[in-house]
Amino acid sequence: MTGGAADRLAGPEEEVADEALMSRYRDGDAGAFDVLYERHRGPLFRYVLRHVGTRALAEEIFQEVWINLINARARYEVSAKFTTYLFHVAHNRIIDHVRRRPPLRLVSLDDNEDEEGMVHAVPAPSSSQPEVEAESRQLGRNLLTALGQLPADQRDAFLLHEEGGLTLEEIAQMTGVGRETVKSRLRYALAKLREGMSHDYQRA
């Protein structure tokens, strides 16, 4: 992405709504796209990666989502939050790919991803001591394992809520189910994640 173009929207423009930026991009402002990309690349990549489990496939789908958005820009109309629109595209691309792929195997934090890798399952450790770093990485592995064991609809609801920042209503609209169904999926997902993490902690 071109840093100069993005800089034109920095400062006072930094808080411009996503929907307004996408409309600007539709109308020919390439810098608006740069800002959208910088805002959403991290959560979007994590959402895709934690669904498909392999970095190569996640990168492929991640690029496809942005290419889809670029190709559809001329038809863009504000009918929902931009994040709902963006994650809906990602959701559909994941479904297309997962149907043709083996079962999910979530990637491990042992891959030593840096900040550009955008894999942040747990907060950074408060100390650089080896035992603290090891504990943090183990917690990350446990979380990824627990996510991988969730039913697909619960994992999707959890990631759309946590990574996409979508509301229950937005997730319901995207996935074609009722709000209460989404609420139930989130509740069960959180309960299973807590249970899985608790069991791992007790075994440690």
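The values are calculated or read from the model by the stated rules, or taken from the named source; none is laboratory data. Since the model is a prediction, treat every value here as computed from it, not as a measurement. Here the Cβ is made from the backbone with ideal geometry for all residues, glycine too, and neighbour counts use every protein chain on show.
So that you can scan it fast, the table gives a plain yes or no per residue for (1) of a type in the set (Val, Ile, Thr); (2) at pLDDT 90 or above; (3) within 25 Å of residue 149 (Cβ to Cβ):
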position: 2; (1), (2), (3): yes, no, no
position: 14; (1), (2), (3): no, no, no
position: 23; (1), (2), (3): no, yes, no
position: 30; (1), (2), (3): no, yes, no
position: 33; (1), (2), (3): no, yes, no
position: 37; (1), (2), (3): no, yes, no
position: 68; (1), (2), (3): no, yes, no
Next item on the list: For region 58-87, enumerate the residues that are hydroxyl-bearing (Ser, Thr, Tyr) and crowded, with 16+ Cβ neighbours inside 10 Å.
Entry: 76, 83, 84, 85
Check: Is at least one residue of region 140-154 modelled with pLDDT of 85 or more, charged (D, E, K, R) and either surrounded by 14 or more Cβ atoms within 10 Å (Cβ to Cβ) or under 17 Å from residue 49 (Cα atoms) (or both)?
Finding: yes
Note to self: Any residue that is within 23 Å of residue 172 (Cα to Cα) and modelled with pLDDT of 55 or more - is there at least one of those in region 123-138?
What the structure shows: no
